[in-house]
Amino acid sequence: MSVSHGFKSVGVVGMGQMGMGISYVAAIKAKIPHVVMVDASASQAQKGVAFFESLLKKDVGKGKLEQNAADLARSRLTVVQSIEELGKLDDAKRPGLIVEAATESLPIKLKIFNSLATHLPLDTVLATNTSSISVSKIAAAAVPQGAEKGSTEAWKGPSRALGLHFFNPVPVMSLVELIPALQTDPDVTARARSFAEACGKVVTTSADVPGFVSNRLLMPFINEAIIALESGVASKEDIDTTLKLGMNHPMGPLTLADFIGLDTCLGIMETLYRETADSKYRPAVLLGRMVDAGWMGKKSGKGFYEYAAR
Ligand code: 3HC
């Protein structure tokens, strides 16, 4: 039996590309009445809002969205600077679901989940958009500060947390991976699935294993392309063209790595390698060196290829 998500307000923590993409589909596709975005950095928040505007403009320009629907979506947005502020919103605006789309760093995500659990009611569903970190570990942090061991908050906190893994660019990619943590209540999983479907996505489920299904398969593929490059098997252009034209991939693996971010690719490979101790997941040396050099791909202007400043 399908379950209705019932969320009247959705929060998104982190106003980068992923966070704004999620806010966009929540406002436009799922038509959630309130979408509240959180970013501690005022300049990132400004960039995020400008990105949202550019998506609206593009869709209106292409006739995919009516001007009044775009105006309505804009009116649904609220930006706050902290999780504490999020918790103080009135009942109508305070989110029933929060999707965390912050930097892919365990300490950052643990801190955010602990803060969300501290400032929002116990029935708030908490989702992480992590690409590879243990969702069960993140869920375990969803306990309010000061909660006593064995208390209802300590037991129930983690049961409302799970992974909702969107793909970049969120408005274009049709998939969401759903990752229940060991602790997740099945009702929470069903509501999160219903939200992702309302955002126009097809949902697959993965166990909480390193990289889930998507990055367990994608990242070794990208890593192997980097090893082929550093071993002199072929030029970067020929590696990409081979996969693009030979296998009909929309982008070659090195272009895709630049698009995702080389730091993100390295972080995911390191998680796979650390958690499985399997040498097939060892990150390519060149990938590590490029990140050392600050060559993060498209977002930094240089990766395997060069990009004009955005
Ligand atoms: N944000 C929003 N929309 C975007 C976009 C962005 N950053 N980039 C492109 N688009 C839109 C375009 O506006 C266009 O929309 P339209 O159909 O309404 O005109 C559509 O995407 C197609 O764009 P283009 O015609 O400019 O270019 P392409 O046909 O080359 O498509 C692409 C661009 C969709 C990015 C395509 O190259 C692609 O699918 N690449 C692979 C992307 C991919 O594999 N993503 C997954 C990465 S892995 C991940 O996210 C998981 C994480 O954990 C690592």
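The values are calculated or read from the model by the stated rules, or taken from the named source; none is laboratory data. All values derive from a computational prediction rather than experimental measurement. All Cβ positions, even for glycine, are placed from backbone atoms using ideal geometry, and neighbour counts span all protein chains on display.
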Residue hits (segment 250-300; of a type in the set (Asp, Glu) and more than 14 Å from the ligand (Cβ to nearest atom)) are GLU275, ASP278, ASP292
Residue identified as closer than 15 Å to SER23 by Cα and away from the ligand (no atom under 16 Å from the Cβ) among VAL99, VAL49, VAL79: VAL79
Expected single match for assigned to a helix (DSSP H, G or I), within 15 Å of the ligand (Cβ to nearest atom) and loosely packed, with under 13 Cβ neighbours inside 10 Å among SER54, SER43 is SER54
Please determine whether any residue of segment 291-307 is closer than 25 Å to VAL135 by Cα, free of Cβ contacts under 8 Å to residues at least 24 places away in the same chain and not aliphatic (A, V, I, L, M). no
Out of segment 231-276, which residues are among the small types (Gly, Ala, Ser) and on the phi > 0 side of the Ramachandran plot? GLY232, GLY261
List pairs: first residue in segment 234-256 and in contact (Cβ under 8 Å) with a residue 60 or more places away in the chain, second residue assigned to a loop (DSSP other than H, G, I, E, B) anywhere in the structure, Cβ distance under 8 angstrom, at least six positions apart or on different chains. LYS236/PHE304; LYS236/TYR305
Residues satisfying the stated conditions in segment 264-299, i.e. buried (at least 17 other Cβ atoms within 10 Å of the Cβ) and over 19 Å from the mean Cα position of the chain (by Cα): TYR273, TYR281, PRO283, ALA284, LEU287, MET290, VAL291, TRP295
Which of (1) surrounded by fewer than 24 Cβ atoms within 10 Å (Cβ to Cβ); (2) within 16 Å of the ligand (Cβ to nearest atom); (3) within 24 Å of SER9 (Cβ to Cβ) is the odd one out, the single condition VAL172 does not satisfy? (3)
Output for segment 272-299, where each listed residue is touching a Gly at 6+ places or on another chain (Cβ under 8 Å) and at pLDDT 95 or above: LEU272, MET290, TRP295, MET296, GLY297, LYS298
When you scan segment 96-210 for strands (runs of 3 or more DSSP E) that lie fully inside it, which ones turn up with 3 or more residues that are closer than 30 Å to LYS58 by Cα? 97-100, 161-166, 175-180, 202-205
Can you report the number of residues in segment 212-244 which are closer than 24 Å to ILE133 by Cβ and either under 20 Å from the mean Cα position of the chain (by Cα) or hydroxyl-bearing (Ser, Thr, Tyr) (or both)? 10
Of all residues in segment 1-17, how many are touching a strand residue (DSSP E or B) at 6+ places or on another chain (Cβ under 6 Å) and either assigned to a strand (DSSP E or B) or within 12 Å of the ligand (Cβ to nearest atom) (or both)? 5
Quick one: GLU100 ticks every box in (1) out of contact with any Ser or Thr (no Cβ under 6 Å at 6 or more places or on another chain); (2) among the charged types (D, E, K, R); (3) under 15 Å from VAL13 (Cβ atoms) except a single one, so which number is it? (1)
Exactly one of (1) buried (at least 23 other Cβ atoms within 10 Å of the Cβ); (2) away from the ligand (no atom under 15 Å from the Cβ) is unmet by MET20. Its number? (2)
Breaking point among (1) within 11 Å of the ligand (Cβ to nearest atom); (2) within 22 Å of LEU178 (Cβ to Cβ), for ASP208: (1)
For segment 18-40, enumerate the residues that are under 17 Å from GLU100 (Cα atoms) and assigned to a helix (DSSP H, G or I). MET18, GLY19, MET20, GLY21, ILE22, SER23, TYR24, VAL25, ALA26, ALA27
Residues of segment 82-139 that turn out to be under 12 Å from the mean Cα position of the chain (by Cα) and either outside the structural domain of MET15 (by the TED database) or basic (Lys, Arg) (or both), as a count: 1
Qualifying position, being over 20 Å from VAL213 (Cα atoms), surrounded by fewer than 17 Cβ atoms within 10 Å (Cβ to Cβ) and more than 16 Å from the ligand (Cβ to nearest atom), among ALA142, ALA154: ALA154
Members of segment 66-88 that are within 28 Å of LEU178 (Cα to Cα) and part of a loop (DSSP other than H, G, I, E, B): ARG76, GLN81, SER82
